[in-house]
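Asks: First the structure, which I've put down as structure tokens, then a few questions once you've had a look.
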Amino acid sequence: MFSKLSVNLLLTSAFALAGTAANALTLNGSSGSWSNPIGGSFIEYQTIGEENQIRWGDPVIPGAKSGLGFTGVDGTDIELENVFQIGMLRHFNNVIYGNTAASAVNLALSLDFAEFGLKTFDFNLEIDETPNTEGTCIYPSITACSDKISFPITFSPESFEIDGVSYTLSLVGFSYGSDQSLLSDFISEEYTTSEALLFGKITAVENLTAISTQPETKVPEPQTIGGFLALGLILTNRFLKRDSLK
């Protein structure tokens, strides 16, 4: 026969098995660093304020190289299933002499979370520096000729676990805003700077953890947990009815 104490323990164990995802997590900050440029001359790395930059090319105007910059974000609270900003990408498009442009570069992202530490992503950005010859521009141009930076459109997610709950961290992609369409590239006019925001999202998948180390013991399926809860409620009602008749 079950006692009231055993019924309470049964209910407590069933709820514990289910696990509960956190409502919010904390991103302490993010940053980006550049590496492995393909081609290009006069490659230069620099940090201006909080923005890490890579610059390339022999500039027509002294000091005005083309390049890319990434600025991370400071601490922010993240709601599960909602997109959040990871940082801002900028493309500095200036006129450089031929055969001095890079054709691709690697961006390494670091995201520092309060709950589970550092997560990193690495991906390539492709660079298409076109000849500045009037009438030959392959991209829409006001001043000959615009250049193009291409972004990845898919990213491999990162997984982690907190208190028995599995989470997936995904890069959503680049956009002009959280309510805007995703971008696949920048088309930047000469002597202009284009910018876009990078967004991510965290989702949670509840894990069930076995409470026994016996080899034959299986982790209860969700239906089994529901059965435990239903049984507990039935037994509790019976005990309450019995006590009320005394």
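The values are calculated or read from the model by the stated rules, or taken from the named source; none is laboratory data. Just so you know, these numbers come straight off a predicted model, no measurement behind them. Cβ coordinates were reconstructed from backbone atoms using ideal geometry, including for glycine residues, and neighbour counts include every protein chain displayed. Calculation scope for accessible area: heavy atoms of the full protein, side chains included, ligands and nucleic acids excluded. Shrake-Rupley method; radii C 1.70, N 1.55, O 1.52, S 1.80 Å.
Asks: State the Cα centre-to-centre distance between segment 103-153 and segment 55-72 in whole Å.
Replies: First find each Cα centre; the distance between them is then 13 Å.
Asks: Mind listing the long-range amide H neighbours of ILE96? Cut-off is under 5 Å, sequence gap 5 or more, other chains count too, H placed in the peptide plane at 1.01 Å from N.
Replies: Amide H to amide H, under 5 Å and 5 or more residues apart or across chains, ILE96 pairs with VAL60.
Asks: Would you kindly find the accessible area of GLU195, with a 1.4 Å probe and non-protein molecules such as ligands, DNA and RNA excluded, rounding to the nearest 10 Å²?
Replies: The value for GLU195 is about 90 Å².
Asks: Which shape class, rounded, prolate or oblate, goes with segment 44-140 when its Cα gyration tensor gives a ≥ b ≥ c as root eigenvalues, a/c under 1.5 marks rounded, and past that a/b bigger than b/c marks prolate?
Replies: prolate
Asks: May I pose another question? Considering the dipole of segment 85-182 built from charges on the beta carbon (Lys and Arg +1, Asp and Glu -1) around the Cα centre, which of ILE162, ALA114, LEU125 is farthest to its positive end?
Replies: Checking the options against the dipole of segment 85-182, the answer is LEU125.
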